[in-house]
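Since the structure comes first, as C-alpha cells, the remarks are kept for the end.
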Amino acid sequence: MALIVHKYGGTSMGSTERIRNVAKRVAKWARAGHQMVVVPSAMSGETNRLLGLAKELSPEITTGELQRELDMIASTGEQVSVGLLAIALQAEGMRSVSYTGWQVPIETDSSFTKARIQRIDDVRVRADLAEGKVVIITGFQGIDPDGHITTLGRGGSDTSAVAVAAAMKADECLIYTDVDGVYTTDPRIVAEARRLHTISFEEMLEMASLGSKVLQIRSVEFAGKYRVPLRVLSSFTPWDIPIDEEARSGTLITFEEDEKMEQAVVSGIAFNRDEAKVSLLGVPDKPGIAYQILGPVAEANIDVDVIIQNVGHDGRTDFSFTVHRNDYARTMDLLKAEVIPKAGGAQLSGDPKICKVSIVGIGMRSHVGVASKMFQALSDEAINIQMITTSEIKTSVVIDEKYMELAVRALHKAFDLEQAAD
Ligand code: ADP
Ligand code: ASP
Ligand code: MG
C-alpha cells in the first residue's frame, strides 16, 4: 500500500461531469489499496473571475491591505472544488473529507498573493487516512502566523500538492492536467512539440522558471529539495484505464541524468510574455550607478530579471533591465520620481511588449556553439535580439513580443526537437 498525492488542475475540475471523472479515478486508486490525498485547483476560469470582480472595485491593487483581501477572495475557488469533489467521491461510495488550507493547516509566510509554505501539519490528514478516508485539500492557499488566509501565486496548486507530498513523505505525487505530460515546448504554440518521457529536475526547474506554466516553479523546487517523485500526466484519459498503465504514462521528473538526456543538447524551449523592459539612456558611467538605479527598485519589492549595461562612451552608458509586466507602471513611476532627477540628464524609456524565449538543456554544459545556433535561427527569421542572458544550461533572449511564436517555432525546428528521442 502506498501513499499517493493526486493534483487536478482547473480544466480537469472544469465541470461537475469532469469532477465526477476525477472522483472515479481517485476511487480506482483508493480501491487498489492506496492511501489517497487529493489537491484540486479551482474550476477553470474561476480564479480569474474572482480576481476580476476585485479589479472592478479597485483596478490598482498595490497595498498589502488590498492584497490580503485578494487572497480572501481568490482562495474561495478552491474551497468550492474540494467540497464538490468530496461529494462526488461519496457518491462513488468512498469515504472522503475536504479541508481548506487553514484547517490542515498549511502554514505560510505573510506575503499575500505569493506566500511561501513554511510548514504543514499532517496529524489531522493522517488520522483520516488511517480511518480509510480519501483526504481532499485545497490547492493554492494557506494560513499565515496571524491567521490570515494567503495564496501561493498563480498556478500554486502544484506547489500545494508537492509540499503535501513532501510533508507526508508520499510515495509519489501525480500532477494531472490538460496535456499528457511535459513537452519540448508548449504544444499549444508548436503542434510538432513532443512529449518527453522523462525530464531532469534541473531542466524542469529552468523550464518552469523561464515560463513553462505546466508546473509552478516552486513545486519543482519542493520536489528537488525533498526528492518527491513527481509525474505530470493527463486527466483526460478514460478514468478506468489500468492503474499500471496510468502510473507509467506522462512525464517523470528524474533526479539522475540518464544517458539519453545527455544526448539531447537542447531538451526544451520556454517562453514568457509576462515581462517588460525598462531602459535608462545616457546615465553617468561611474561606480555605483547600478545600485543607484536598482536599489530603489529592490526596495519597492520589484523583482528584476535580465540586466544589461552597455559599454560606456564619453562618460555615459545605457542601462536596461526587465521586470514583471504587472510591475512595469510602478517601476517607471519610481524611476521617474527617484532615479532620473539624480541621474544627470539620463532619459527613461520602456517597452512592455517584449517577451523572453529560452532554450534549455543539460547537454549545453558539454557542447559549444549552442547559443550561436540559436542566434542564427533567429537571424534567419529576421528577429532582432534586444537582450541575451545565459547560464550553464540555458540561453534566453529578449525579443519583440510579436515575434514570439515565430521564434519558438524556428528554434524548435533548428534544434530538431520534433525528432527528439523521447
Ligand atoms: P492546470 O490547470 O492543470 O494546472 P496549466 O494550464 O497550469 O494546467 O498547465 C498546463 C498547460 O501548460 C498546458 O495546457 C500547456 O498549454 C502549458 N504548457 C506550457 N509549456 C508546456 C510544456 N513544455 N509542456 C506541456 N505543457 C506546457
Ligand atoms: N486556481 C489557482 C490559479 O488559477 C491555482 C492553480 O490553478 O494552481 O492560479
Ligand atoms: Mg497550473
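The values are calculated or read from the model by the stated rules, or taken from the named source; none is laboratory data. Note that the structure is predicted; figures quoted are calculated from it, not measured. Positions of Cβ are generated from backbone atoms using ideal geometry, with glycine treated the same way; all protein chains shown enter the neighbour counts. Note: accessible area is taken over every heavy atom of the protein model, side chains too, but ligands, DNA and RNA are not part of it. Shrake-Rupley method; radii C 1.70, N 1.55, O 1.52, S 1.80 Å.
More than 28 Å apart: what percent of Cα pairs in the chain qualify?
Values: 47334 of 88831 pairs.
Everything past 28 Å amounts to 53 percent.
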What is the percent carbon and sulfur in the accessible area of the chain, measuring with a 1.4 Å probe over the protein chains and ignoring ligands? 50 percent
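Compare 239, 102, 29 by solvent-accessible area with a 1.4 Å probe and give them largest first, with all protein chains kept in place. Numbers along the way, then the final one.
Numbers: 239 85, 102 130, 29 10 Å².
Per-residue accessible area, sorted high to low, gives 102, 239, 29.
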Once phi is turned into ³J(HN,Hα) by the Karplus curve 6.51 cos²θ - 1.76 cosθ + 1.60 with θ = phi - 60°, what whole-Hz value does each residue of the range 138-154 show in order, with x for glycine and proline? 4, x, 6, 9, x, 9, 8, x, 9, x, 7, 6, 10, 10, 9, x, 4
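222 nm [θ] for the chain, helices only, -39500 (n - 2.57) per DSSP H run of 4+, per residue, to 500?
Values: 14 runs with 144 residues, N = 422.
Here the helix-only value at 222 nm equals -10000 deg cm²/dmol.
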Dipole magnitude of the range 86-142, debye to nearest 20 (Cβ charges: Lys/Arg +1, Asp/Glu -1, about Cα centre): 80 debye
To the nearest 10 degrees, how steeply does helix 289-299 sit against the main Cα axis of the chain, on a 0 to 90 scale? 30 degrees
Using 21 Å as the Cα-Cα cut-off, could you pick out the over-long pairs in 7/225; 213/373; 353/394; 373/413? 213/373; 353/394
Cut-off under 5 Å, modelled amide H: who pairs with residue 198 long-range: 252
To test your reading of the geometry: what angle, between 0 and 90 degrees and rounded to tens, separates the Cα axis of helix 217-226 from the longest principal axis of the chain? 60 degrees
Using the charge dipole of the range 1-154 (Lys, Arg: +1 at Cβ; Asp, Glu: -1 at Cβ; taken about the Cα centre), state which of 44, 61, 93 has its Cα farthest towards the positive end. 93
Given +1 on the Cβ of Lys and Arg, -1 on the Cβ of Asp and Glu, and no further charges, what dipole in debye does the chain carry about its Cα centre, rounded to the nearest 20? 520 debye
How many Å² of accessible area per residue for the chain, probe 1.4 Å? 45 Å²
